[in-house]
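Scroll down for the structure; my scribbles are underneath it.
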Amino acid sequence: MRISEFDYQLPQELIAQQPLDRRDASRMLVLDRAKQSWFDSEFAAFPEFLQPKDVLVLNDTRVFPARLVGKRHPSGGSVEVMLVRELAPLEWEALVRPSQRLKRGSVVKFGGARASAELLDDPGAELRRLRFDSREPLTELLDELGQTPLPPYIKRAVESSADRARYQTIFAQRRGAIAAPTAGLHFTEVTLNQIREKGTDIAKLTLHVGYGTFAPVRVEEVEGHKVAAESFELSEDAAKKIGNARANGGRVVAVGTTTTRALESSVDDRGEIMATKKLAEITITPGYDFKATDVLLTNFHLPQSSLLLLVSAFAGKDLVLAAYSHAVAQRYRFYSYGDCMLIL
């Protein structure tokens, strides 16, 4: 398949720039794979689609303030750094702008002289390597000086306290993501309590959302695209809950594409979901045989993206693109702070 087949037209005004006042006020487009149909609903109705034997699986990763703005030393030019992955203590892989002007050995200072970072490689690669020198723990410095790493399609300044709260799920626990698992942003404590009251179990895993999740597809044939590996962990308790649900005829309901990728990476040769801590290395494209995921809650994704490929693999390209056309016509809100889709 060609990546150009996974395109759709989206008016810019439908890209949500702000979260709604209430997390659970989003609209929800419900797709039925068996009937090859869809209908409009709202996220507040989400618990009604769950059954007592089901298990809901959430990604409890926590976004950290990964975006830093510093000054090149000694010229003073502005440099933006987006931390992507820690390679070793104080050594990071990062997106750097302007990357081509910064040669190996260039130094960027942050917060005056409180911290600096040295470029360890030459220009050319999309991700650069940095080594930090800090007077204080880097985590504390990031919490003070770093900004919430909002996606580039949100065309406004970061609102520090507001975005730190809203670009984070209410169940976020384990720090390490540079992007939120956005399907989880809709949940409130009320929603989770309603789900528990139905008898539906809730399991949590951790996949730290990294650059691979939103890196553009740069090949024409989708079979040639590889999503970068991302670290994840599925505990014994979570694996047991998921196994019990499957054994009792329940469904595994994945909240988000990141949760789906972790679940599908946890299946052993016998088809059982096992507790594990490793890298999720699979790339899910149409034709993939899902082994762990029965129902998917997801936000709307960018055209020609790896996330749209995953959703199309789950529900079928034609159904998904037709549903997206409906969502555009009905003025749904798109992307991270937008509405959601439930695929049964």
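A few comments on the model shown:
- Filtered by the rule that a residue be among the aliphatic types (A, V, I, L, M) and either within 18 Å of Ala315 (Cα to Cα) or not assigned by TED's automatic domain parsing to the domain that holds Asn248 (or both), the range 263-281 gives a lone residue, Leu263.
- Residues located in the range 243-271, provided they are under 13 Å from Ala203 (Cβ atoms) and either surrounded by fewer than 24 Cβ atoms within 10 Å (Cβ to Cβ) or polar (S, T, N, Q) (or both): Gly243, Asn244, Arg246, Gly250, Arg251, Thr259, Ser266
- Selected residue [under 20 Å from the mean Cα position of the chain (by Cα), surrounded by 16 or more Cβ atoms within 10 Å (Cβ to Cβ) and under 30 Å from Ser231 (Cβ atoms)] from Phe110, Phe6: Phe6
- Counting only residues that are out of contact with any helix residue (DSSP H, G or I) (no Cβ under 9 Å at 6 or more places or on another chain) and among the small types (Gly, Ala, Ser), the range 9-39 holds 2 of them.
- Residue list for the range 190-207, filter: among the polar types (S, T, N, Q) and not in a strand (DSSP E or B): Thr191, Asn193, Gln194, Thr200
- Residue within the range 96-107 that is crowded, with 16+ Cβ neighbours inside 10 Å and either among the aromatic types (Phe, Trp, Tyr) or without any contact (Cβ under 8 Å) to a residue 24 or more places away in the chain (or both) present: no
- Out of Val217, Val267, one residue alone is among the aliphatic types (A, V, I, L, M) and out of contact with any strand residue (DSSP E or B) (no Cβ under 9 Å at 6 or more places or on another chain). It is Val217.
- Matching entry among Arg166, Arg131 (being at pLDDT 95 or above, closer than 23 Å to His186 by Cβ and surrounded by 15 or more Cβ atoms within 10 Å (Cβ to Cβ)): Arg166
Residue-wise test of (1) of a type in the set (A, V, I, L, M); (2) buried (at least 20 other Cβ atoms within 10 Å of the Cβ); (3) in contact (Cβ under 8 Å) with a residue 60 or more places away in the chain.
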residue	(1), (2), (3)
Gln194	no, no, yes
Ile202	yes, no, yes
Val219	yes, no, yes
Glu223	no, no, yes
Lys226	no, no, no
Ser231	no, no, no
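- When residues in the range 15-40 are screened for being within 18 Å of Ala323 (Cα to Cα), touching a residue at least 12 places away in the same chain (Cβ under 8 Å) and surrounded by fewer than 17 Cβ atoms within 10 Å (Cβ to Cβ), 5 of them pass.
- Sub-6 Å Cβ pairs linking a first residue in the range 325-338 that is touching a residue at least 24 places away in the same chain (Cβ under 8 Å) and more than 9 Å from Asp40 (Cβ to Cβ) to a second residue that is of a type outside the set (A, V, I, L, M) and in a helix (DSSP H, G or I), at least 6 apart or interchain, are Ser336/Thr182, ordered by first then second residue.
- Some residue of the range 42-49 being assigned by TED's automatic domain parsing to the domain that holds Leu234, surrounded by 18 or more Cβ atoms within 10 Å (Cβ to Cβ) and either part of a loop (DSSP other than H, G, I, E, B) or touching a strand residue (DSSP E or B) at 6+ places or on another chain (Cβ under 8 Å) (or both): yes
- Odd one out for Ala117 among (1) more than 23 Å from the chain's Cα centre (by Cα); (2) at pLDDT 90 or above; (3) part of a loop (DSSP other than H, G, I, E, B): (3)
- In the range 208-311, counting only helices (runs of 4 or more DSSP H) that sit wholly within it, the ones holding 2 or more residues that are within 20 Å of the chain's Cα centre (by Cα) and within 21 Å of Gln168 (Cα to Cα) span 211-214, 257-264.
The values are calculated or read from the model by the stated rules, or taken from the named source; none is laboratory data. All values reported here derive from a predicted model rather than from experimental measurement. Here Cβ is always computed from backbone atoms with ideal geometry, including for glycine, and neighbour counts include all displayed protein chains.
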